[in-house]
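Here the structure is laid out as structure tokens; the discussion comes afterwards.
The values are calculated or read from the model by the stated rules, or taken from the named source; none is laboratory data. Remember, predicted model here, so these are calculated numbers, not experimental data. So basically every Cβ, Gly included, is an ideal-geometry build from the backbone, and we count neighbours across all protein chains shown.
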Amino acid sequence: MKLAVVFAAFVSVFGFSSCLDSGESGPQTNSLLVTVGDYMGIPVFYPDCMPGYVLDPSVVDLSQYGISSSARRALITYTLVEGQANDAKKLKINLVAGSCVEISPVYISAAPDTFETKGYTSTIKQFDHVQPFYPYYPAYPNIYAEYGYLTFGFSYMADKVGQFGLAFDRISNDTLYLDLKAKTEGSSRNGYHWLTCDLSRSREYYEVRPTVDDSIRITVSAKVSTMPVEGEVLSVTTAYKKN
């Protein structure tokens with residue numbers, strides 16, 4: 001529930017970038033999806049869609065902010081420390097207590113039955129993206145892959161949400177095809193969700209062979225079951241350069 005609330009706040013914040021010019025004083029609070037790393041025993045964050053940038057929270061223990069020592073992905077809310085150079089790539093930040101959350105990545109499943117979707121109807125509406133946030137904040141595309149993680153956002157309609165996950169479909173040439181599985185019930189409420197997938201633990205991912213610029217393609221598809229486009233298949237693709 002906490003994850004859902006923070007993600008909702010995340011989407012809301014990025015949907016109203018004009019609020020930056022409200023004239024309010026004090027540090028601006030913002031949110032980012034990040035990969036959690038380590039620099040000489042101190043946790044650091046590598047923000048999504050911001051190649052070359054590192055965020056330094058200058059704290060040894062992240063648990064006070066709801067992020068465990070074993071975390072690999074997180075949604076952080078923070079303020080920038082004042083007085084830093086405009087062209088700095090390593091930025092000092094202050095985390096906002098109670099507004100950060102650890103994200104547990106999903107894994108590509110070769111067995112769709114593990115999602116236990118029997119009796120539920122997938123009601124995916126579309127793949128979405130959030131707007132850019134200025135300054136130092138990226139424009140999140142609707143799907144991207146970096147640091148070994150595949151991340152994408154999508155909207156749905158449901159009264160109850162049980163589970164979202166990715167099932168392996170096939171490999172064709174340089175493309176890995178995945179199916180977005182949803183365990184939902186009813187269709188009267190609109191919702192939004194970000195899903196992040198750990199590619200490094202997928203055998204299928206390693207079987208894809210790059211053919212252009214050392215990159216592979218990853219396509220995620222979902223079947224829409226809401227009228228008037230019942231049965232239509234939505235898909236979205238990203239390119240990812242294998243290291």
**Complete:** Taking the range 32-71 and the residues there that are among the small types (Gly, Ala, Ser) and assigned to a loop (DSSP other than H, G, I, E, B), the one that is nearest to Cys197 (Cα to Cα) would be Ala71
**Request:** Please verify whether the range 41-48 includes one or more residues that are of a type in the set (Asp, Glu) and within 14 Å of Thr79 (Cα to Cα).
**Result:** no
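Mind listing whichever residues of the range 135-176 are over 22 Å from Lys89 (Cβ atoms) and of a type in the set (Gly, Ala, Ser)? Break it down into steps so the answer makes sense when it comes.
Step one: of the range 135-176, the residues over 22 Å from Lys89 (Cβ atoms) are 142-143, 150, 152-176.
Result: Gly153, Ser155, Ala158, Gly162, Gly165, Ala167, Ser172.
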**Request:** Please enumerate the residues belonging to the range 42-66 that are closer than 15 Å to Tyr144 by Cβ and surrounded by fewer than 16 Cβ atoms within 10 Å (Cβ to Cβ).
**Result:** Pro51
**Request:** Residues being small (Gly, Ala, Ser) and in contact (Cβ under 8 Å) with a residue 60 or more places away in the chain: count how many of those fall in the range 192-220.
**Result:** 1
**Item:** Selection count where residues are part of a strand (DSSP E or B), over 14 Å from Tyr205 (Cα atoms) and either among the charged types (D, E, K, R) or in contact with a Phe, Trp or Tyr (Cβ under 6 Å, 6 or more places away or on another chain) (or both), scope the range 137-150
**Value:** 1
**Fill in**
Reported set for the range 143-191 where residues are within 30 Å of Val36 (Cα to Cα) and among the aliphatic types (A, V, I, L, M) is Ile143, Ala145, Leu150, Val161, Leu166, Ala167, Ile171, Leu176, Leu178, Leu180, Ala182
**Complete:** Given (1) at pLDDT 90 or above; (2) surrounded by fewer than 20 Cβ atoms within 10 Å (Cβ to Cβ); (3) under 15 Å from Ser109 (Cα atoms), Arg217 misses just (3)
**Message:** If a residue must be part of a loop (DSSP other than H, G, I, E, B) and touching an Asp or Glu at 6+ places or on another chain (Cβ under 8 Å), how many such residues does the range 72-113 contain?
**Reply:** 5
**Residues of the range 192-212 satisfying the condition of being β-branched (Val, Ile, Thr) and either under 18 Å from Leu33 (Cα atoms) or not in a strand (DSSP E or B) (or both)** = Thr196, Val208, Thr211
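Which one of these is within 27 Å of Glu102 (Cα to Cα) and surrounded by fewer than 18 Cβ atoms within 10 Å (Cβ to Cβ): Arg209, Arg170, Arg203?
Exactly one residue qualifies, and that residue is Arg203.
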**Fill in**
Of the candidates Ser58, Ser122, Ser63, the one satisfying the condition of being modelled with pLDDT under 90 and not assigned by TED's automatic domain parsing to the domain that holds Ile171 is Ser58
